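Heads up: the structure comes next, in structure tokens.
The values are calculated or read from the model by the stated rules, or taken from the named source; none is laboratory data. None of the values given here were measured: they were computed from a predicted structure. Note: accessible area is taken over every heavy atom of the protein model, side chains too, but ligands, DNA and RNA are not part of it. Shrake-Rupley method; radii C 1.70, N 1.55, O 1.52, S 1.80 Å.
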Amino acid sequence: MISALSHLLDTHASLAKLSYFSLRPRARLSLRLARITLALPLALEQELRYQRRVRARSRARRLREHRERFNVTAAESEEESERDSDGRDERVFFPRRVMILIEGIVVSLEKMESVLK
């Protein structure tokens, strides 16, 4: 996520340095700027999924340690594990259709950017 923001700032600075008459490089950098900006929700979604997996692993590790420490069998702690598992789908922030649409637009912008090189 940080690298995407850094790349966004670098592209913006490069665009600001160009003269107004550098049409082709300006168009290419404008497309890149749009692509990076639209890809930010994708990076955010990926980071949120990563954080969610880390928390789930930590929760599972603590539960395992608790079972070992107090000699609790899996059947006795079944209620606790059901409470810990949230059962939600993989979506964290944006609906799946929105993410697919954004990914399609990002790919299209990448192709348009490569045409202008």
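Table for the structure above
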| quantity | calculated |
| --- | --- |
| Protein accessible area in segment 1-52, 1.4 Å probe - carbon and sulfur % | 65 |
| Fully extended contour minus Cα-Cα distance, from Ser30 to Ala16, at 0.36 nm per residue | 4.0 nm |
